[in-house]
Amino acid sequence: MTSPASRRRAATPARAASEVSEVVELLEVLWGRGRDAASPAPVSSAQLRVLYIIERDEGINLRGLGALMGAAPSSVSRLCDRLQAVGFVERGTSRASRRELELRLTPGGRRFLAELRARREEALTAAIAAMSPAARGALVEGLAGFRKALKPPALERNRS
């Protein structure tokens, strides 16, 4: 019988990636439930990504949003149309150029994101609370290492 510590040391990158992939799939299901429960208006994954970007880059224009999403301007415009229709996004004239439109979250959009995050955090807290203290410690340590590996300098080193 092997100890948890020796199993962690023996995990290959491929096995760890497989485990992470399975957890990501479970999180996608959990995230979808939270997204659907947080609003009477269903929000797609792409629309949610738009909300996150606008929240982070308040006042971004459609061209900038499209560049960040890697999407065609017409697709981004349709996503914003739908989000505007449900009251989560508003378009306004740019302060820099009257020919451009800025995108901003409405109070309803901010409320939606706050409720979504709260529901997701509740679900994660319940799952993590069911873990042993040792498993929680390993999770925190593993996630810290994973997050560090995802930072741009580490990603650039791994490409070489």
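Residue-by-condition table, conditions (1) more than 30 Å from R136 (Cβ to Cβ); (2) among the acidic types (D, E):
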position	(1), (2)
R49	no, no
I54	yes, no
R78	yes, no
D81	yes, yes
G87	yes, no
S94	yes, no
P107	yes, no
L116	no, no
L124	no, no
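Looking at G87, G92, G108, just one residue is touching a helix residue (DSSP H, G or I) at 6+ places or on another chain (Cβ under 8 Å) and open to solvent by less than 40 Å² (accessible area, probe 1.4 Å), and that residue is G87. A single member of S44, S39 is at pLDDT 85 or above and closer than 18 Å to R117 by Cβ, and it is S44. Identify, please: which residue in segment 47-84 is of a type in the set (G, A, S) and either in a helix (DSSP H, G or I) or on the phi > 0 side of the Ramachandran plot (or both) and is, among those, modelled with the lowest pLDDT? Across segment 47-84, the extreme among qualifying residues is S74. For the residues A129, A123, the requirement of being surrounded by 12 or more Cβ atoms within 10 Å (Cβ to Cβ) and within 30 Å of S18 (Cα to Cα) singles out A123. Residue count for segment 85-115, restricted to those that are in a strand (DSSP E or B), closer than 24 Å to R33 by Cβ and in contact with a Gly (Cβ under 8 Å, 6 or more places away or on another chain): 1.
Residues in segment 54-75 that are surrounded by 13 or more Cβ atoms within 10 Å (Cβ to Cβ), closer than 19 Å to R95 by Cβ and not polar (S, T, N, Q): I54, E55, D57, G59, I60, L62, G64, L65. Residue pairs whose Cβ atoms lie under 9 Å apart, sitting 6 or more positions apart in sequence or on different chains, and linking a residue in segment 95-114 that is of a type in the set (D, E, K, R) to a partner that is in a helix (DSSP H, G or I), are E100/L62; E100/R63; R104/I54; R110/E55.
The values are calculated or read from the model by the stated rules, or taken from the named source; none is laboratory data. Keep in mind it's a predicted model, so treat the numbers as computed, not measured. Heads up, the Cβs are rebuilt from the backbone with ideal geometry, glycines too, and the neighbour counts pull from every protein chain shown. These accessible areas exclude ligands, DNA and RNA; they are computed on the full protein's heavy atoms, side chains included. Shrake-Rupley method; radii C 1.70, N 1.55, O 1.52, S 1.80 Å.
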